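Novice: Sending over a structure as structure tokens; questions will come in a sec.
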Amino acid sequence: MPDYEPGCLFCRIIRGEAPSKKVYEDEHTFAFEDIRPQAPTHVLVVPKRHIRGLKEAKPEDSETIGHCHLAAAQIARERAIEDGYRTVLNVGPGAGQSVFHLHVHLIGGRHLKWPPG
Ligand code: 5GP
Ligand code: ZN
């Protein structure tokens, strides 16, 4: 899998070729506001390296995926939503995955029901 997938929306956002409201960036991770927020905080945290989704991830992606979750936790801390937030990966079209570059949804700032729909 190449680091960059031509035509991938999130690869384009990471490279600044498509616009986004950037929230956070480090060596391995990029985070930006979801264009259709489902809660007061709805941030997408993505690995800079193109990984299609969780089911395509390989053992060598473990650290990168963990890093995305810890970045989400850091953003939640900064936004003072630690009373309750959710990190979600939609995996496959049946679960609502519509962009095939792995992304962690950070959702919070309101009461979250369980189970999710
Ligand atoms: P999925 O449905 O694949 O789990 O999540 C994709 C997310 O990307 C959705 O929540 C959707 O609103 C968001 N999204 C789709 N296109 C764009 C875009 O161009 N910019 C931003 N910031 N978010 C997008
Ligand atoms: Zn990509």
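Novice: Need the failing condition index for LEU89 against (1) out of contact with any helix residue (DSSP H, G or I) (no Cβ under 9 Å at 6 or more places or on another chain); (2) touching a residue at least 12 places away in the same chain (Cβ under 8 Å); (3) open to solvent by 30 Å² or more (accessible area, probe 1.4 Å), just the number.
Specialist: The single condition LEU89 does not satisfy is (1).
Novice: I've got another one for you. Conditions: (1) farther than 19 Å from PRO93 by Cα; (2) open to solvent by 10 Å² or more (accessible area, probe 1.4 Å). VAL43 meets all but one. Number of the miss?
Specialist: In the conditions (1) farther than 19 Å from PRO93 by Cα; (2) open to solvent by 10 Å² or more (accessible area, probe 1.4 Å), VAL43 misses (2) alone.
Novice: Something else now. Which one of these is touching a residue at least 40 places away in the same chain (Cβ under 8 Å) and either in contact with an Asp or Glu (Cβ under 9 Å, 6 or more places away or on another chain) or more than 15 Å from ASP3 (Cβ to Cβ) (or both): LYS48, LYS21?
Specialist: Values: LYS21 fails: touching a residue at least 40 places away in the same chain (Cβ under 8 Å).
Exactly one of LYS48, LYS21 is touching a residue at least 40 places away in the same chain (Cβ under 8 Å) and either in contact with an Asp or Glu (Cβ under 9 Å, 6 or more places away or on another chain) or more than 15 Å from ASP3 (Cβ to Cβ) (or both), namely LYS48.
Novice: Residues that are in contact with a Cys (Cβ under 8 Å, 6 or more places away or on another chain): which strands (runs of 3 or more DSSP E) entirely in the range 3-65 hold 2 or more of them?
Specialist: Output list reads 41-47.
Novice: Right, another one. Given the conditions (1) touching a residue at least 24 places away in the same chain (Cβ under 8 Å); (2) crowded, with 17+ Cβ neighbours inside 10 Å; (3) within 13 Å of ligand 1 (Cβ to nearest atom), and given that ALA72 satisfies all but one, which numbered condition is not satisfied?
Specialist: Condition (3) is where ALA72 drops out.
The values are calculated or read from the model by the stated rules, or taken from the named source; none is laboratory data. Because the structure is predicted, anything quoted here is derived from the model rather than measured. Please note: Cβ atoms are built from the backbone with ideal geometry, for glycine as well, and neighbour counts cover all protein chains shown. These area figures cover heavy atoms from the full protein model, side chains too; ligands, DNA and RNA do not enter into them. Shrake-Rupley method; radii C 1.70, N 1.55, O 1.52, S 1.80 Å.
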